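Below is one structure, written out as structure tokens, with a few remarks after it.
The values are calculated or read from the model by the stated rules, or taken from the named source; none is laboratory data. Treat the numbers as computed from the prediction; the structure is a model and nothing was measured. Neighbour counts are summed over all protein chains in view; Cβ atoms, including those assigned to glycine, are modelled from backbone coordinates with ideal geometry. Side chains included, ligands, DNA and RNA excluded: accessible areas come from the protein's heavy atoms. Shrake-Rupley method; radii C 1.70, N 1.55, O 1.52, S 1.80 Å.
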Amino acid sequence: MRGVLWGIFAMALLGLLATFALESGYAARAEQIQLVTIDSTQHSPFGPVTVDFGEPAQLIVDDPKAFLKNKTAMGLPMVDIGYLKAHSEGYFALSSIRSLANLARIGCICAAIFACMGMALLKRAFSLPPPPDG
């Protein structure tokens, strides 16, 4: 039984390390992006007329077709939200990845704590003297 608890403890620590590695891998791919909608009623010789859709956000966009050729006044790349909605598998918000990683960390820490508590209870149960025959 003690070996099972040590295995759970080791896997919880390994899972905890994996969450940090996965989060940093996704964070390296994320960039500050401005989501925009294209206004088809107006035309400009400099490219499509866009309307900002919210504030700039840390996104991971894997589809290069989603990016517009123009950039914002602050130099941020623009991504068409209509294209992303039509092809929904091509982007992730870094904030959602971070929240999932935090939930996984909480689970790993809880598993490690329960394994330690189980080992302490096992040690105590096997160190108690036998009951008197009374």
Open item on the list: Can you go through LYS65, LYS69, LYS85 and tell me which one is surrounded by fewer than 16 Cβ atoms within 10 Å (Cβ to Cβ), in contact (Cβ under 8 Å) with a residue 12 or more places away in the chain and part of a helix (DSSP H, G or I)?
Closed with: LYS65
Task: Enumeration of residues in the range 88-117 that are small (Gly, Ala, Ser) and either open to solvent by less than 30 Å² (accessible area, probe 1.4 Å) or under 11 Å from the mean Cα position of the chain (by Cα) (or both) - done: GLY90, ALA93, SER95, SER96, SER99, ALA101, ALA104, ALA112, ALA115
- [ ] Scan (1) part of a strand (DSSP E or B); (2) open to solvent by 30 Å² or more (accessible area, probe 1.4 Å) for the single condition ILE33 breaks and write down its number.
- [x] (2)
